[in-house]
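Written out below as C-alpha cells is the structure these notes cover.
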Amino acid sequence: MISPGMTILLCLFVPFVGSFLILATGSRPNLRETMTLLTAITLFLLVASIYPLVAAGERPGIDVVEMLPGLSIAFKVEPLGMAFALIASFLWIFTSIYSIGYMRGHHEENQTRFYFYFAISLMAAIGIAFAGNMITLFIFYEVLTLCTFPLVAHHGTEESKRAGRVYLGLLLGTSIAFQLFAIIWTWVITGTLDFTKGGILAGTTDNLTVAILLALYVFGIGKAAVMPFHRWLPAAMVAPTPVSALLHAVAVVKAGVFTVLKVTVYIFGVNFLADINVSEWLQYAAAITILLSSLVAMTKDNLKARLAYSTVSQLSYCVLGAMLVNSWGILGGGMQIAMHAFAKITLFFCAGAILVAAHKTEISDMGGLGKTMPFTFTAFFLASLSIIGLPPFGGAWSKFYLAYGALEAGQLALVAALMISSLLNVYYLLSIPFRGFFGRPPETPGHYSRPQSDGEIHEAPIPCLIAISVSTVGCVVLFFYTDPLYNLLKQIILP
Amino acid sequence: MIQAHLPALQVIIPLIAAPFCLLIRRSDLAWAFSLLVTWCTFAIALILLLQVNETGTISYPMGDWSAPYGIEYKVDLLSAFVLVIVSGIGSVVMPYARLSIEREIPWPRIYLFYTMYLLCLCGLLGIAITGDVFNLFVFLEVSSLSSYVLIALGKDRRALTAAFRYLIMGTIGATFYVIGVGLMYMMTGSLNMADLAKLMPLVAETRTIQAAIAFLIIGLGLKLALFPLHLWLPNAYTYAPTVVTIFLAATATKVAVYAFLRIIFTVFGNVPVLQKEFMTDFLMFLAIVAMFAGSFVAIYQTNIKRMLAYSSIAQIGYMVLGISFISVAGLTGGIIHIFNHAVVKGALFMAVGCIFIKMGSVYIEDLAGAGKRMPVTMASFVICGLGLIGVPLTVGFISKWYLILAALDKGLWPIAAAIVGSSLLAVIYVWRVIEVAYFQPAPEGAETRSEAPMTMLAPMWFLTLASVYFGVDATRTINIAETAAAYLLKVIQ
C-alpha cells in the first residue's frame, strides 16, 4: 500500500507522464485520446483515494525539496483543496470525452499540442489544490498561467495572439506585481508561508499592513478576476470551447478563487480578519464586480463572451464569500466553487455543441435553434437555473449560504446586490434557451446554416452529449446530495 | 603536495597554455588543448571551493614571499564561488565553441581565438583569486586586452569599432583603477588587501583616500558596465563572435562586480565608504535607473543579441542594487545573482548562437517559425527567458526573492516595487521573441526542421538544466552566497 504522501505526488506525476504519452502517441489520434482518458480516470481515482482520509480529519502531506533555507516545496491536503481537486479531476474526464467530439467535429488543428497542454494544466491545478504552503501554490499558479497560454492562443491568428498577450500580461503581471510581492512581505513579517489553521499573520503586524497585504493578495490573484483585472477572462474565450469549459470555467478561475479562500483562511485567519475589520471595502469591490459584469454580460451577443462575463460575476461571489470573513461566507464561497463549476461547464459545453452542430456563435442567430437541438438547449436551460440559484439545483445552496453570510455580517446592501445579480442572471441566461425554443430563425441565415424549419433533430456528436448530460445531472445531484461537500467544508470553519 | 599550490595553478595553467595555442596553430588541436586546459581550471576551482568550505580561507604567498611584501593569493568563499562560476562557464563554453567559431571567425585566425580565450580566462580567474590590489590591476588588463582582441575577431566590420570603443572605455576604467591604487599606496605604502584594510582607518578621512575611492568606484563601474558607464557594452556584445559574447556576458562583468565587492568590503572594510548616506542612495539610484533603462531599451531592439546585451545592463543593476542595501540579505541577493545571471545569460546567448548557425540571422523578425524549426533550441530559450523574468522554479526567482526580501527588510517597499516592476518589463522583451518564434508561421520554402549540432545543444542544455536545478534546490548556492555575504560584512569572521 502506498503512503498518502506518495499518492499526492502520484496525482502530479500521472498527468505529467500522461502528457508525454499523449505527445508520443500524437500520430495516432485514437490511441492519443485513449491516453488522455486513461490519464484523467487514473488521476480522478488517485484523488478520490485521498478523500476518505481528509474526510476523517487527517491532513496527509509531504515535503518534496527544500528550495531555500526554511522554505520547501511541500504539499498538504486539506478540505478546500480536496474539494477543488475532486471537482477538477472529475470534470476533466468528461471534458476529455467532450473534447474528442468537439475537436474532431470542428476539425481543429494541432490537436496533440492541445491535449498535451491540457494535461499539464490539470497537473498544475492539482498542484495548486494540494499545495502545503504559499510558495508551492504560487509556483503551480504560474505554471498554470504559462501552460494555458498555448491553449488560449491555439488558433495562432492575429486575434488569438492579441488575446494571448492580454491573458498573459494580466495574469503574469498581477501575480508578480502584487501576489509575489505580498508573499515575500508575508515571509518577511512572519518567517513562514505554511498554510496554518487560524492563519499566520495574527498579532505580528499592524492593521494597516494587514489591510494592504489583503488587497495585494486579492488583486494579485488575477485568476479570481476581480475588476479591474478581469479582462483576461473574456480575452481567453478565443480558445477552443473545451478549454473555455474546463479551464476558464473550472480549473483556472476556480484556482483563483480557491487561492483567495485559502489565503483568507490559512494565511490571514478568518477570526483575525473579522476582528480587525479590514475587508469591508473588498466586499464592495467584489459586489461591484458581480453587478457590473452581469450588466456587461447582458450587452454581449457572442455566446461565449456572455458566458465569460457571467463567470467573472460568479467568481466574485466566492471572493465576496471570503471577504465576508464569517463561517457562512467561507462555506458559501467553497460551495460556489463546486456548484458554479458544474453549471458553467454545462453552459460552455452547450455553447461548443451549438458551434459544432450549427456553426453559430452569436445569440441573435440562435432563434428557433432549440427545435433542432432540443437536448442541448434543455441542458442549457437547466444549468442556467443552477447559476441563477434556484432549487432543485446545486447553485441554490451556495447562493443561500452566501446571502446568509452577508446577513450575518450585517451587510444588507450586499444581500441586495446578490439578489439583483440573480435577477440579471435570469435575464441574460434564460433569454438564450427562450430564444432557442420560441424565437424565429433569422431572416438571412448564415452561410452554413441548415434549413431549420423541417423539425429534423441535428445535435452535436455523441461524446459531446454524454459530457453535457453528466454535468447537467451533476447540477441536480449536488442539490440533493450535498452532505459530503458540506461536511468536508465544515471542517475548515470549525474551530 | 600539489594541493598546496592549487591557487597558483588556477591562474598559471591557462597563462602558460595560451602561448602554446599560438604554437599549435591547427585549429582542431588548439581546440582540444584549450578544452583540456579549461576543464583543468574548473576542476581546480571546484577543489578550492571544497577546501575553503572545509578549512576556511586559504592564503598562498606567491613565490614564498610572505604578505604584505610579496603577492598574496587569497581564496575565501566569495573568491572560490566566483572562480567556480568563471572556470565553469569557461569550460562549458569550450565544447560549444568549436563549430560556432568555425562559422563566425575566418579560418586562419581561429588559433588566435583560443590563445586570447585562455588569456582572458587567466585574467578573470586572477582577479578573483588575488589578494593584492596591484596584481588585480594586472589581471584586469590581461583580461581586458585579450577581450578587445576577442571582440575584434567578429566577422562584422562594426566589431572593430565596438572593440575600439571598448578599448578606450576599458582603458579609462583600468587607468582610473590604477590611479586609485596609486593614491592608496601613497598614503599607506601597501598593496596587500588585508594589510590595506588594517591601515585604512588611520588615513580614511584624508582627501587623497577620498579621491582614491572615487577613482576606484568609477574605474570599476566602467568595467562592470554600471549605468551610465555602460556605453561600451551593447555594441561589444552585439558584434563580437557569439562564443565571445557568451563568455564575456557570463563572466567579465561578473568578475568586475566581484572586484567592486572586494574593494568596498575588504580593502575599505574597516571604514564606512558606502555606509555614508549619500553613497548608498546614489548607488541605489543608479542601479534602479539601470534596471529600468536597460529593460526599456531592450524592449525596442530588433537584434536579439543587442536585446540581451541591454538586458544584461538591467541585470547588472540588480547586482549593484543588492550591494547597495549593505545588508546580508541584500549582498546575498547580489552575489547569488552573479551566479544565476551567468547561467541564464550564458544559455540564452548559446541559444542565439544556435539560431544564428541554422537560420543565419539574429534579428527577431527572421525568427518566424523557429519554434517548429528548432524546437530544442527554442525550448531552452523559453526556459531561460523565464529565468530572466524570475518565474518560480528558475534561478531568476531566487535572486528576485532575496532582493525583494532585502528591500522589505529595510522598509524600502518602493524599491521592492521597482524590482517587481522591472521584471515585468523583462516579460515584454522575452515575450516578443517567443511570440514570433512560436506563433508566426515560417516563411515559404524554409527548411522544416533543422537543429544545431549536438555539441552546441548539449552545453546549452547543461546550463538550462542548471538554471532550473538551482532554481528548485537553491539551498546550496544560497548557503555559499549567504556565508560569503556575512563574511564580507564581517557579521561572521
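Read the figures in this text as sums done on the coordinates, not as results from a lab. Please read these numbers as outputs of a predicted model, since none were measured by experiment. Virtual Cβ from ideal backbone geometry, glycine too; neighbours counted across all protein chains shown.
Of note:
- Note on region A:279-495: with charges restricted to the Cβ of Lys and Arg (+1) and Asp and Glu (-1), its dipole about the Cα centre is near 60 debye.
- Label point distance in nm, A:Phe20-A:Leu407, each placed 7 Å from Cα along Cα→Cβ: 5.5 nm
- Residues in region B:312-344 that a label on A:Thr209 would reach, taking backbone N under 20 Å of a point 7 Å out along Cα→Cβ: B:327-330
- Entries in A:Lys223/A:Lys304; B:Lys276/B:Lys490; A:Lys262/A:Lys490; A:Lys161/A:Lys300; A:Lys304/A:Lys399 that, when Cα-Cα distance is taken, lie over 20 Å: A:Lys161/A:Lys300; A:Lys304/A:Lys399
- Ordering A:Leu12, B:Met193, B:Gln440 by Cα displacement along the dipole of the protein assembly as shown toward the positive end leaves B:Gln440 in first place; charges were set at the Cβ atoms of Lys, Arg (+1) and Asp, Glu (-1).
- Farthest toward positive dipole pole in chain B [+1 Lys/Arg, -1 Asp/Glu at C-beta], among B:Gly182, B:Ser143, B:Ala256: B:Ser143
- Considering only B:Ile478, B:Thr266, A:Ser364, the residue lying farthest towards the positive end of the dipole of the protein assembly as shown is A:Ser364, judged by Cα position with unit charges set on Cβ.
- Value of relative contact order over chain B, rounded to a whole percent, pairs C-alpha under 8 Å and six or more apart: 14 percent
- Protection proxy ranking of A:232-238, B:465-471 - average other beta-carbon atoms within 10 Å, highest first: A:232-238, B:465-471
- Where only DSSP H runs of four or more residues are counted, chain A gives -23000 deg cm²/dmol as its mean residue ellipticity at 222 nm, each run worth -39500 (n - 2.57).
- Counting Cβ atoms of other protein chains within 10 Å of each Cβ in A:178-190 and taking the mean gives 4.
- Shielding by other protein chains, A:62-69, mean Cβ within 10 Å: 5
- Protection proxy ranking of B:345-356, A:15-26, B:15-26, by the mean of other Cβ atoms within 10 Å over each peptide's residues and highest first, is B:345-356, A:15-26, B:15-26.
- Residue order, fewest to most surrounding Cβ atoms within 10 angstrom, among A:Phe90, A:Phe130, B:Phe278: B:Phe278, A:Phe90, A:Phe130
- Anisotropy class of region A:28-94 from Cα gyration tensor, a/c 1.5 cut: oblate
- Rounded to the nearest 20, the size of the Cβ-charge dipole of region B:274-493 about its Cα centre is 180 debye, with Lys and Arg at +1 and Asp and Glu at -1.
- Here is the list for region A:56-109: GluC sites (Glu not before Pro) lying in DSSP coil, each with at most 11 other C-beta atoms within 10 angstrom of its C-beta, are A:Glu109.
- Take each residue in B:473-482, count the other chain C-beta atoms within 10 Å of its C-beta, and the mean is 3.
- Acute angle (nearest 10 degrees) that the helix A:79-105 long axis makes with the longest principal axis of chain A, alpha-carbon atoms: 20 degrees
- Summary value for region A:218-288: 35 percent relative contact order, contacts being C-alpha pairs under 8 angstrom separated by 6+ residues.
- Once the Cα gyration tensor of region A:279-495 is diagonalised, semi-axes √(5λ) in Å: 34, 19, 12
- Aspartates and glutamates whose Cα lies under 14 Å from that of B:Lys223, excluding same-chain neighbours fewer than 8 positions away: B:Glu141
- Listed peptides B:239-248, A:473-482 by packing density, highest first (mean Cβ within 10 Å): B:239-248, A:473-482
- Folded to 0 to 90 degrees: helix B:158-188 orientation relative to chain B principal axis, Cα: 10 degrees
- Residues in region A:128-163 reached by a label modelled at B:Tyr469 [backbone nitrogen below 16 Å; 7 Å Cα→Cβ]: none
- Taking Cα centre as origin and charging only the Cβ of basic (Lys, Arg, +1) and acidic (Asp, Glu, -1) residues, the dipole magnitude of the protein assembly as shown rounds to 1220 debye.
- Calculated FRET value between A:Arg59 and A:Leu423, using beta carbons and R₀ = 30 Å, to 0.05: 0.15
- Taking the DSSP beta bridges with both ends in the protein assembly as shown, the antiparallel portion is around 100 percent.
- For region B:1-158, averaging the sequence separation of C-alpha pairs within contact (under 8 Å, six or more residues apart) and dividing by the residue count gives a relative contact order of 29 percent.
- The long axis of helix A:252-262 is offset from the longest Cα principal axis of chain A by roughly 30 degrees.
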